[in-house]
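To keep things clear, I will list the structure first and then write my remarks on it.
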Amino acid sequence: MDPNGRVMITQYDMYSITDEYGGVGLLKFDFLGLKNLSVLADAVARVKARKGDEVDIENIPLDDSKVFAMLSRGETEGVFQLGGSGMTHYLKELKPTSIHDINAMVALYRPGPMESIPAYITRKQNPALVTYIDPRMKEILERSYGIITYQDDVLLTAVTIAGYTWLEADNLRKAMGKKIPAEMEAQREKFIEGAQKHGGITKTKAEAIWKLIEPFAAYGFNKGHAASYGRVAYQTAYMKANYPEDYMAALLSADSGDTERISEHVAECERIGIRILPPDVNESFASFTVIANGIIRFGLSSIKNFGVGSAEAIIAEREKAGKFNSIGDFLSRMPGNLVNRRALEALIKSGTFDAFNKRGVLLANIEKLLQYAKDSTRPPDNQDSLFGSTSSTHVADIALEPATEATNIEMLAWEKELLGIYVSGHPTDQFKDTLSKYEHSIKNARAEERNGYPLVVGGVVEAVKTILTKKGDRMGFITISDKESSIESVAFPEVYKLSKDDLMEGKCVLLKGKLSKRNGEPSILIEKVKGLA
């Protein structure tokens, strides 16, 4: 049964399903569900609601200079298929000028074809370097500067140069897709022989053409697939380049709950000049909301320990009777089942009431606020009286007792706890100059493929777990994060003993060590720790 126990499901491998190797003769389809399409639809709706602009996303101009300038600057975070350090590096070198460049990068940035990317970039920058082993290949490869880019290029080359029939070319495609060495070797011999007989070229040239084809045995995109992905990539880039706040708000909302992705998006917003603010009782809606050009607020439903229903109740009351003008006004207008200790603490600590008073002051007066709420809130029911007050009956603020304001570190810790990330700042902000001297961010360290690669990263210690070795020595597993990402680090007994005072939750540190890749998950083997105090 499926995980929900509603329907029976079963599974066969593709060879049993299709007509090959005695299969049952069914046709295999791949159905791809792209979250990016939902993000695009949401971004378009936000633009219409906020600015009144009607964006026909299926008919946007494909020559928007803002798009290509943005990609050339490497601002690819949140752009479908074009994010990541490797792709971004190549795009900055390529400086794309047409959607064909984007399609080509989508197709080439795969194992095998990837080795052709430098040549594609060089030839685009200097067309004089474009050459063809056989002049008949110009018609096939002219748009990609003589570089075999798509699976279609391989099939057309096999038909044109080696005399393949279309059925034989399809068999070549299947052989490449299966990545079976014996079948590829048989195709190599067939191609070289056909190129000499049909194409009238030398064996040396035929072998040279085959060497261009061979990388596609690893992973080759067909042109239709690349063009479809390239179009969505361009559409997401178009929305980000032209409506950055609305697009990033849609992206943040789609990834709500994934703190790693949210951290990356927030860091990108900061890079491109968009401020991300904590939730606000009068400005936030359920999801991330653009409140002005260059400003996005967290949504009320993003707050932990605060339900979606409660968020919707606040929004409904605000829309019905106007904005809340004080903490007392809020407490008197909301139903009693919403204003409990857990919910109220979550709202205060996350910054939702910052416009009314300091978080530390509100928190110190929590008992007084709860008593006020108990005395003044209306009973929750389905009558009109649920949110019965009107803007003309808003009450005055409560007289709160003076209290010590929360420190910046305390407020950041609350935001991390309740919103998943630091919003008002980051614990490492005070060490920005020191950290800028090191080339590796945690995100870059995670993207590094070389096992054992030496690096230095800085961040705040998020969590510490210690264990005893067989010898009885204590070692630590430390999670460290910066503004964009986090990574687990390992301190073996000798290192942990020397550095345990620095390896404590909430402390900012520099870690020197080597990258360790195990089962595809990166970590840092710590060699030295330096506290940033």
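Take the stretch 15-32 and flag every residue that is under 31 Å from the mean Cα position of the chain (by Cα) and surrounded by 10 or more Cβ atoms within 10 Å (Cβ to Cβ). Quick ask: steps written out before the conclusion?
Residues of the stretch 15-32 under 31 Å from the mean Cα position of the chain (by Cα): 28-32.
Passing the criteria: only Lys28.
Of all residues in the stretch 35-56 being surrounded by fewer than 16 Cβ atoms within 10 Å (Cβ to Cβ) and in a helix (DSSP H, G or I), which is modelled with the lowest pLDDT?
If we filter the stretch 35-56 for residues that are surrounded by fewer than 16 Cβ atoms within 10 Å (Cβ to Cβ), which is where we start, we get 35, 37-38, 41, 45, 48-49, 51-54, 56.
Then drop every residue that is not in a helix (DSSP H, G or I), which leaves 35, 37-38, 41, 45, 48-49, 51.
Details: Lys35: 92, Leu37: 95, Ser38: 95, Ala41: 97, Ala45: 97, Lys48: 97, Ala49: 95, Lys51: 95.
By that ranking, first place goes to Lys35.
Please determine whether any residue of the stretch 94-106 is surrounded by 14 or more Cβ atoms within 10 Å (Cβ to Cβ), over 29 Å from Glu484 (Cβ atoms) and modelled with pLDDT under 95.
No, because not a single residue in the stretch 94-106 is surrounded by 14 or more Cβ atoms within 10 Å (Cβ to Cβ), over 29 Å from Glu484 (Cβ atoms) and modelled with pLDDT under 95.
Does Lys304 meet the test of being over 20 Å from Asn357 (Cα atoms), in contact with a helix residue (DSSP H, G or I) (Cβ under 7 Å, 6 or more places away or on another chain) and surrounded by fewer than 15 Cβ atoms within 10 Å (Cβ to Cβ)? Give the steps one after another, and end with the answer.
Values: over 20 Å from Asn357 (Cα atoms): yes; in contact with a helix residue (DSSP H, G or I) (Cβ under 7 Å, 6 or more places away or on another chain): yes; surrounded by fewer than 15 Cβ atoms within 10 Å (Cβ to Cβ): yes.
So Lys304 fits the description; yes.
Please specify each residue of the stretch 221-245 satisfying the condition of being without any contact (Cβ under 8 Å) to a residue 60 or more places away in the chain and farther than 19 Å from Leu34 by Cα.
Result: Pro244, Glu245.
Identify the residue in the stretch 269-300 that is under 20 Å from Glu317 (Cβ atoms) and polar (S, T, N, Q) and, among all such residues, is surrounded by the fewest Cβ atoms within 10 Å (Cβ to Cβ).
Among them, the one singled out is Asn282.
Going residue by residue through the stretch 11-33, is there one that turns out to be at pLDDT 85 or above, in a loop (DSSP other than H, G, I, E, B) and out of contact with any strand residue (DSSP E or B) (no Cβ under 6 Å at 6 or more places or on another chain)?
Kept after step one, since they are at pLDDT 85 or above, are these residues of the stretch 11-33: none.
No, that holds for no residue.
From the set of residues in the stretch 475-533 that are among the polar types (S, T, N, Q) and in contact with a helix residue (DSSP H, G or I) (Cβ under 9 Å, 6 or more places away or on another chain), which is surrounded by the fewest Cβ atoms within 10 Å (Cβ to Cβ)? Break it down stepwise before answering.
Residues of the stretch 475-533 that are among the polar types (S, T, N, Q), as a first pass: 479, 481, 485-486, 489, 499, 516, 519, 523.
Checking the rest, the ones that are also in contact with a helix residue (DSSP H, G or I) (Cβ under 9 Å, 6 or more places away or on another chain) come to 481, 485-486.
Numbers: Ser481: 23, Ser485: 22, Ser486: 19.
Taking the candidates together, the pick is Ser486.
Return the total of residues in the stretch 394-440 being under 21 Å from Gly531 (Cα atoms), modelled with pLDDT of 85 or more and aromatic (Phe, Trp, Tyr).
So the count comes out to 2.
Please name all residue pairs, on different chains or six or more residues apart, with Cβ atoms under 8 Å, provided the first residue is in the stretch 507-533 and is more than 17 Å from His440 (Cα to Cα) and the second residue is β-branched (Val, Ile, Thr) and buried (at least 21 other Cβ atoms within 10 Å of the Cβ).
From residues that are more than 17 Å from His440 (Cα to Cα), the pairs are Lys507/Val460; Lys507/Val461; Gly531/Val509.
Here are some conditions: (1) touching an Asp or Glu at 6+ places or on another chain (Cβ under 7 Å); (2) in contact (Cβ under 8 Å) with a residue 24 or more places away in the chain; (3) under 20 Å from Phe80 (Cα atoms). Gly294 meets all but one. Which one does it not meet?
Unmet for Gly294, out of (1) touching an Asp or Glu at 6+ places or on another chain (Cβ under 7 Å); (2) in contact (Cβ under 8 Å) with a residue 24 or more places away in the chain; (3) under 20 Å from Phe80 (Cα atoms): (3).
Yes or no: Met239 assigned to a helix (DSSP H, G or I) and more than 12 Å from the chain's Cα centre (by Cα)?
Values: assigned to a helix (DSSP H, G or I): yes; more than 12 Å from the chain's Cα centre (by Cα): yes.
Against the criterion (assigned to a helix (DSSP H, G or I) and more than 12 Å from the chain's Cα centre (by Cα)), Met239 qualifies.
Which of the residues belonging to the stretch 134-148 are basic (Lys, Arg) and farther than 14 Å from Asn103 by Cα?
Applying the first criterion (basic (Lys, Arg)) to the stretch 134-148 yields 136, 138, 143.
Once the filter is applied, which keeps residues that are basic (Lys, Arg) and farther than 14 Å from Asn103 by Cα, the stretch 134-148 yields Arg136, Lys138.
Could you check Asn305 against (1) under 21 Å from Trp414 (Cα atoms); (2) at pLDDT 90 or above and say which number it fails?
(2)
Under 26 Å from Thr204 (Cα atoms), part of a helix (DSSP H, G or I) and free of Cβ contacts under 8 Å to residues at least 40 places away in the same chain - does that describe any residue in the stretch 142-149? Give the derivation first.
Just the residues of the stretch 142-149 that are under 26 Å from Thr204 (Cα atoms), to begin with: 142-149.
If we keep only those that are part of a helix (DSSP H, G or I) too, we end up with 142-144.
Narrowing the set further to residues that are free of Cβ contacts under 8 Å to residues at least 40 places away in the same chain leaves 142.
For the stretch 142-149, residues under 26 Å from Thr204 (Cα atoms), part of a helix (DSSP H, G or I) and free of Cβ contacts under 8 Å to residues at least 40 places away in the same chain: present.
Give me the pairs: first residue in the stretch 350-368 and assigned by TED's automatic domain parsing to the domain that holds Trp414, second residue of a type in the set (Asp, Glu), beta-carbon distance under 6 Å, and six or more apart or on different chains, which are they?
Lys358/Glu405; Gly360/Glu405; Asn365/Glu401
The values are calculated or read from the model by the stated rules, or taken from the named source; none is laboratory data. Not measured: the values here are computed from a predicted model. We place every Cβ from the backbone using ideal geometry, glycine too, and count neighbours over all the protein chains shown.
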